[in-house]
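Scroll down for the structure; my scribbles are underneath it.
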Amino acid sequence: MIAIIGGTGVYDLPGAEERERTLVTPYGDVAVTEAHLEDGTTLVFAARHGKGHAVPPHRLPARALLWGLKEIGVKAILATSAVGSVREEIPPGTLALLGDFMDFTKARASTFHDGPGVVHQNVSDAYCPTLRAALRRSAAAEEIALHPQDVVYVCTEGPRFETPAEIRAYRMLGGDVVGMTQVPEAVLAAELDICYAAVALVTNLAAGVQGARPSHEEVLELMGQQGRTLSRLLLRTVRELGNDYGCSHHGRQEGMS
Ligand code: HPA
């Protein structure tokens, strides 16, 4: 089964028959929606910040959500993510697949491997190549424009936006977009051996890029305009992958060291 994690601005799936479920986990309870599409595909939907956007990024129950999804048999996750652009050549309105991340978070529970015992998770392929290819195929079929290159996501702690100096630094380091939620979500998916991919929607230029001063209102406004396109892309991909999705990229993974 495939799960969709909807970020800012993506709080439900239009047109699906839905049933609410509470997943009980050692890390707390989490609410998800099981959805049945008209062609027989079943998927699970979770609003990352809760319905009504109640939970701030540094307090998200990521371990509960990922653990719960694993327990009900989720093999792949497609996530959405609202991001600021660190580069003026990636303008607001751009949809891009994430290809890698940099972690600038500070105080989050970011692993299931809390000891005893030491596990160093390999995150070289944090964003599954098989899912990314499927998303590109669906985008082409739906005539949805995706940025030609997969982008590097810089994860900040939030909940404040970044300073212009921080954004300059991230640009020099090779970051393309900035957001507050990919870590630990993508890491926890890797630890549980769940395939993971994320589509970012650029909602704004990051602080200082062409003099930008980001605001949450601006982020919500762009998501409001493009949220439906994003849902269409994800639902098409879920349908294409089907209920029995099994990932070829896992066969190539090295496992833990
Ligand atoms: N910075 C961090 N997170 C974000 C931004 C931003 O500019 N826009 C949307 N999410």
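Observations on the model:
- Members of region 135-162 found to be within 11 Å of the ligand (Cβ to nearest atom) and part of a loop (DSSP other than H, G, I, E, B), listed by number: 157, 158, 159, 160, 161, 162
- Note on region 163-205: residues that are among the β-branched types (Val, Ile, Thr), part of a loop (DSSP other than H, G, I, E, B) and within 30 Å of residue 71 (Cβ to Cβ) amount to 2.
- Hits in region 73-89 (condition: within 19 Å of residue 238 (Cα to Cα) and open to solvent by 40 Å² or more (accessible area, probe 1.4 Å)): 75
- Neighbours by Cβ (under 7 Å, 6+ apart or cross-chain): first from region 188-208, under 16 Å from residue 99 (Cα atoms); second near the ligand (Cβ under 9 Å from one of its atoms) and part of a loop (DSSP other than H, G, I, E, B): none
- Conditions (1) closer than 22 Å to residue 151 by Cβ; (2) touching a strand residue (DSSP E or B) at 6+ places or on another chain (Cβ under 6 Å); (3) open to solvent by less than 60 Å² (accessible area, probe 1.4 Å); number of the one not met by residue 126: (2)
- In the set (1) within 16 Å of the ligand (Cβ to nearest atom); (2) buried (at least 18 other Cβ atoms within 10 Å of the Cβ), residue 168 fails one condition alone, (2).
- Filtered residue count, region 14-42, keeping only those that are polar (S, T, N, Q) and touching a residue at least 40 places away in the same chain (Cβ under 8 Å): 3
- Yes/no for residue 109 being assigned to a loop (DSSP other than H, G, I, E, B), without any contact (Cβ under 8 Å) to a residue 40 or more places away in the chain, open to solvent by 10 Å² or more (accessible area, probe 1.4 Å) and aliphatic (A, V, I, L, M): no
- Filter result for residue 9 (away from the ligand (no atom under 16 Å from the Cβ) and outside any strand (DSSP E or B)): no
- Cβ-Cβ under 8 Å pairs, at least 6 apart or on other chains, region 43-59 side modelled with pLDDT under 85, far side not small (Gly, Ala, Ser): 51/11; 51/12; 52/11; 53/8; 53/11
- Residue 92 passes every criterion in (1) of a type outside the set (Lys, Arg); (2) at pLDDT below 95; (3) farther than 17 Å from residue 234 by Cα; (4) open to solvent by 50 Å² or more (accessible area, probe 1.4 Å) apart from (2).
- Looking only at region 177-229, residues that are at pLDDT 95 or above, away from the ligand (no atom under 11 Å from the Cβ) and either of a type in the set (Lys, Arg) or open to solvent by less than 30 Å² (accessible area, probe 1.4 Å) (or both) come to 16 in all.
- Qualifying position, being under 27 Å from residue 224 (Cα atoms), away from the ligand (no atom under 13 Å from the Cβ) and either within 14 Å of the chain's Cα centre (by Cα) or crowded, with 21+ Cβ neighbours inside 10 Å (or both), among 43, 37: 43
- Boolean, residue 125 is assigned to a strand (DSSP E or B) and under 30 Å from residue 209 (Cα atoms): no
The values are calculated or read from the model by the stated rules, or taken from the named source; none is laboratory data. Being a predicted model, the structure only gives us computed values, none of them experimental. Reconstructed Cβ throughout: ideal geometry from the backbone, glycine too, with neighbour counts over all protein chains shown. Only protein heavy atoms, including side chains, enter the accessible area calculation; ligands, DNA and RNA are left aside. Shrake-Rupley method; radii C 1.70, N 1.55, O 1.52, S 1.80 Å.
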